[in-house]
């Protein structure tokens, strides 16, 4: 069930990235919840599912690919926007095949991220 305002989960092991993205999302009218690891996100997603996920690929232990795999196996259907500082064609292809609706490189452009969220949630404007 969609939230009002929409709830965006930010899953990234870098505190500065979580803080900056959460601030950006709030300024654009979203609620956000930040998670420092993939396993912490997985532990809480069944309690309150966000409307969209901004997911880092490179994290210790449970990385973004494992989060995507878990979501597919658990039948969790939430749009995922992948962000990464380790860009490659193979990484992009793997993330998109795993169900990502967008793939952005760090540092993430604010307008590109907000446009990707709007598109993922079926809105033309944020």
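Please treat every number below as a calculation from the coordinates, not as lab data. Because the structure is a prediction, the values reported are computed rather than measured. No Cβ is skipped: glycine too gets one built from the backbone with ideal geometry, and neighbour counts run over all protein chains shown.
Checking the a/c ratio against 1.5 first, then a/b against b/c, what shape does the Cα gyration tensor give for the chain? Could you put the intermediate results ahead of the total?
Numbers: a/c = 1.29, a/b = 1.14, b/c = 1.13.
Taking the square roots of the gyration eigenvalues as a ≥ b ≥ c, the chain is rounded.
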For the pair residue 23/residue 44, report the inter-label distance in nm, with labels modelled 7 Å from Cα in the Cβ direction. 2.0
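Rounded to the nearest 500, what is the 222 nm mean residue ellipticity of the chain from helices alone, with -39500 (n - 2.57) per DSSP H run of 4+ residues and division by all residues? Mind dumping the intermediate values first?
Numbers: 5 runs with 52 residues, N = 126.
For the chain, the value works out to -12500 deg cm²/dmol.
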